[in-house]
Amino acid sequence: MGNPVLRSLLAFVGWLALFVAGKALIAEGIGHNRLFVFVFALLLLAAYYAVAWWIERRRAAELRANGAWLALLGAAVGLLLFCASAGLVALLGYYHFAGASFSQLAGGAIASFAAAVGEELLFRGFIFRFIEQAAGTWIAVLVSAVLFGLAHALNRGATAREVLAIAVEAGVLLSAAYVYSRSLWLPIGIHFGWDFAGGAIFKKATILPGPDVITGGKAGIEGSLVAIVLCLAAGVALLVAAARSGRCYRSSVGKPASTQPR
C-alpha cells in the first residue's frame, strides 16, 4: 500500500480495534484484575510501535525510549497541578482530605497508568498527529481538545460542566505537552499524575457545600474554575514556549519528528 494516508488510517483502525476490545473486556469485569490492566497498557504501547513500523513505515519517534524520563517529569507536573488545585479549594474551606490506603494507591496507580497510556496514544498519538499533519498545530490543539472533552461525555454521570472543563484544562494542556516535547511520554506522565491524584490519593476526599464554580460540583476538582485556570495557564505557557522554539507547524510541510520515515 503506497498511499501514506491509507497506511496511517489502517494503522489507526488496527490499533483502535485492540483498544476497544481491551476496554470491553475490562468493562466486563476483568478490569478488577490489576495484572491484566497493566499488561493491557503495555500491549497498547507495543502495538503502537508495531503499527508505526510495519504499517505506517516510520519510526515512532514520539515514543523513543531515551525520552521515557519525560513520563516521570510529567507525572510530577500532573500531581502538582491536582494538589495545587485541591489545596487552593481546601484553603477556601470547600475541600477535606481523608487519606488513602496502600491498596487504594496501588490499584489507582495501575488504573491511572492504563488510562493515561490508552487515551494519550489515541488522542495525541493518532488523532492530534493526523490533524496536525493535515491542518497544522493550532487547529489540531483546538479539535483534539474538543474531541477529548466529548469523549468523556460517555462517562457515567458526566455533566456538561465536566465535559467542558476536561476539554479546556486537559485537552489543551496534554496537547500542549506533546507539542512542546514532541514526545508522547510527557502527556502520558501528566495524564497519569492527574488521574492518580484524583482517583487514588484524593479519592476519599470530601467536597463541602459551596459554589459549584469553586468546588466543581458533581464533577469534583476537575470541574473547578481553580483547576481550569491552573491547567489552562500551564497549557498556554507550553504552547507559547513551543511556538517560540519553532515546534508548531502549519501543516505536514513542517515535518514534525513523529512523521519521519524509518
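The values are calculated or read from the model by the stated rules, or taken from the named source; none is laboratory data. Because the structure is predicted, anything quoted here is derived from the model rather than measured. Positions of Cβ are generated from backbone atoms using ideal geometry, with glycine treated the same way; all protein chains shown enter the neighbour counts. All accessible areas refer to the heavy atoms of the entire protein, side chains included, with ligands and DNA or RNA removed. Shrake-Rupley method; radii C 1.70, N 1.55, O 1.52, S 1.80 Å.
The table below gives the values:
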| item | result |
| --- | --- |
| Meets criteria (in contact (Cβ under 8 Å) with a residue 24 or more places away in the chain, farther than 19 Å from Arg124 by Cβ, open to solvent by 80 Å² or more (accessible area, probe 1.4 Å) and not polar (S, T, N, Q)) for Arg57 | yes |
| Criterion (of a type in the set (D, E, K, R) and on the phi < 0 side of the Ramachandran plot) met by exactly one of Arg182, Arg161 | Arg161 |
| Qualifying residue in segment 164-172 (condition: touching a helix residue (DSSP H, G or I) at 6+ places or on another chain (Cβ under 7 Å) and in a loop (DSSP other than H, G, I, E, B)) | no |
| 3 or more residues out of contact with any Gly (no Cβ under 8 Å at 6 or more places or on another chain) and closer than 30 Å to Ser8 by Cβ: qualifying helices (runs of 4 or more DSSP H) within segment 32-142 | 34-54, 102-120, 129-135 |
| Subset of segment 149-166 (residues that are surrounded by fewer than 16 Cβ atoms within 10 Å (Cβ to Cβ) and either closer than 17 Å to Phe128 by Cα or among the hydroxyl-bearing types (Ser, Thr, Tyr) (or both)) | Leu150 |
| Whichever residue in segment 42-54 is in contact (Cβ under 8 Å) with a residue 24 or more places away in the chain and not aliphatic (A, V, I, L, M) and, among such residues, is nearest to Gly198 (Cα to Cα) | Tyr48 |
| Qualifying residue in segment 109-127 (condition: without any contact (Cβ under 8 Å) to a residue 12 or more places away in the chain and either in contact with a Pro (Cβ under 9 Å, 6 or more places away or on another chain) or farther than 23 Å from Ala243 by Cα (or both)) | no |
| Cβ pairs under 9 Å, 6+ apart, first in segment 62-90 and free of Cβ contacts under 8 Å to residues at least 40 places away in the same chain, second among the aliphatic types (A, V, I, L, M) | Ala90/Ala205 |
| Scan of segment 225-262 for residues that are out of contact with any Cys (no Cβ under 8 Å at 6 or more places or on another chain), modelled with pLDDT of 85 or more, over 30 Å from Ala90 (Cα atoms) and not β-branched (Val, Ile, Thr), ordered by number | Ala241, Ala243, Arg244, Ser245, Gly246, Arg247, Cys248, Tyr249 |
| Leading residue by the ranking (most open to solvent (accessible area, probe 1.4 Å)) among those in segment 211-246 that are on the phi > 0 side of the Ramachandran plot and in a loop (DSSP other than H, G, I, E, B) | Gly246 |
